[in-house]
1. Return the total of residues in segment 202-239 being of a type outside the set (A, V, I, L, M), outside any loop (DSSP other than H, G, I, E, B) and in contact (Cβ under 8 Å) with a residue 24 or more places away in the chain.
2. Can you report the number of residues in segment 134-163 which are closer than 13 Å to F214 by Cα and either at pLDDT below 95 or β-branched (V, I, T) (or both)?
3. Of the residues in segment 95-137, how many are closer than 22 Å to D81 by Cα, part of a loop (DSSP other than H, G, I, E, B) and hydroxyl-bearing (S, T, Y)?
4. When you scan segment 189-196, do you find a residue that is touching a His at 6+ places or on another chain (Cβ under 8 Å) and either of a type outside the set (D, E) or in contact (Cβ under 8 Å) with a residue 24 or more places away in the chain (or both), even just one?
5. Scan segment 141-174 residue by residue and report those that are closer than 18 Å to H128 by Cβ and in contact with a Leu (Cβ under 8 Å, 6 or more places away or on another chain).
6. Of all residues in segment 4-48, which are among the β-branched types (V, I, T), modelled with pLDDT of 95 or more and touching a strand residue (DSSP E or B) at 6+ places or on another chain (Cβ under 8 Å)?
7. Can you tell me which residue within segment 53-94, out of those that are aliphatic (A, V, I, L, M), surrounded by 12 or more Cβ atoms within 10 Å (Cβ to Cβ) and farther than 15 Å from N16 by Cβ, is nearest to the chain's Cα centre (by Cα)?
Amino acid sequence: MDLDINADKMVQFDCNICGKSNAGLAGGFHREVPNCTGCNSTPRFRGIVHALSLGLFKSSIPLSKFPADRHLKGIGMSEWDVWAKVLEKKFAFTNTFYHQEPKLDVTSDDWKKFQDLDFMICTEVFEHVLQPLEIGFRNMRQMLKKGGILVFSTPFVAAPHTIEHFPGMTDFATCKIGDTWLVVSCKADGSYEIYDKNICFHGGPGTVLEMRIFGRDALVAQLGAAGFETQILSQAEADIGYYWPAVVDRPEFGFPGEHYIMICRAV
């Protein structure tokens, strides 16, 4: 995502979550680094609100100006409390969680508790979901009305195929021996495999295990097979701070890293 500006140039933006005016050096933007002085939002967070606005209202408007409509029904999956509370006031919105109530494991029958939705927000989830992923994608489509929208994000690379870190893994455990983290992978046939290289946790060592990096083409194809039409928001929107310089986060995979927000419409 590039604005064709020098790293030492100032980018001015009005946060679309809290409304605060901000300015920062272009080279200092990072999708996961908070840089709003009002609500501490990140560029990715502002991109999610931008995508939700486009999906629901066909234009990008600040969260505070979303028209209230208690007939609009939606859910989030462990979403940021700041925007979740606003959505709860404006819509029939429920923020769900994997380990606590209201509980949603998107790969289980939990989806039946949340149906006829107008929108869903699912960000930074599917890089952690056990295989087969098709179940989770299909369940999300079944939760939405026809024409409903899924705001979706996950790390992916400009490649046709997804890179599975633990192929065939159906369950796992992590442990630490000395300074080394290990992943013990259980396969469908009951066999086990131990991994001790290139293990990546999101949120700190031993926390949320990264299981894959999606290939862009494979990800769009999986969403399509589940019944979604997908739009990738790769265009910078500097006026709301949805921007970060192009960087290679994971050079070991040999592809440029991408991490844009997607609007997926249920067809």
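The values are calculated or read from the model by the stated rules, or taken from the named source; none is laboratory data. If you're wondering where the values come from, they're calculated on a predicted model, not measured in any experiment. All Cβ positions, even for glycine, are placed from backbone atoms using ideal geometry, and neighbour counts span all protein chains on display.
1. Looking only at segment 202-239, we keep the residues that are of a type outside the set (A, V, I, L, M), and these are 202-207, 210, 212, 214-217, 222, 224, 227-231, 234-235, 237, 239.
Those still in the list that are outside any loop (DSSP other than H, G, I, E, B) too: 202, 212, 214-217, 222, 224, 228-231, 237, 239.
Filter again for in contact (Cβ under 8 Å) with a residue 24 or more places away in the chain, leaving 202, 212, 214-217, 222, 228-231, 237, 239.
Selection size over segment 202-239: 13.
2. Residues meeting the conditions: 10.
3. Selection size over segment 95-137: 1.
4. Kept after step one, since they are touching a His at 6+ places or on another chain (Cβ under 8 Å), are these residues of segment 189-196: 195.
Next cut, either of a type outside the set (D, E) or in contact (Cβ under 8 Å) with a residue 24 or more places away in the chain (or both) only: 195.
Within segment 189-196, one or more residues are touching a His at 6+ places or on another chain (Cβ under 8 Å) and either of a type outside the set (D, E) or in contact (Cβ under 8 Å) with a residue 24 or more places away in the chain (or both).
5. Within segment 141-174, the first condition is being closer than 18 Å to H128 by Cβ, and the residues that meet it are 150-157, 162-174.
Those that are closer than 18 Å to H128 by Cβ and in contact with a Leu (Cβ under 8 Å, 6 or more places away or on another chain): L150, V151, F152, T154, F156, T162, M169, T170, D171, F172, T174.
6. Within segment 4-48, T37, I48 meet the criteria.
7. Residues of segment 53-94 that are aliphatic (A, V, I, L, M), as a first pass: 54, 56, 61, 63, 68, 72, 75, 77, 82, 84, 86-87, 92.
Within this subset, residues satisfying the condition of being surrounded by 12 or more Cβ atoms within 10 Å (Cβ to Cβ) are 54, 56, 61, 63, 72, 75, 77, 82, 84, 86-87, 92.
From the residues that got through so far, the ones that are farther than 15 Å from N16 by Cβ too are 72, 75, 77, 84, 92.
On the way: L72: 21, I75: 14, M77: 10, A84: 15, A92: 21 Å.
Within segment 53-94, the match that is nearest to the chain's Cα centre (by Cα) is M77.
Yes/no matrix, rows are residues, columns are (1) touching a residue at least 40 places away in the same chain (Cβ under 8 Å); (2) assigned to a helix (DSSP H, G or I):
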| site | (1), (2) |
| --- | --- |
| A23 | no, no |
| H30 | yes, no |
| T37 | no, no |
| G47 | yes, yes |
| L52 | yes, yes |
| L56 | yes, yes |
| A68 | no, no |
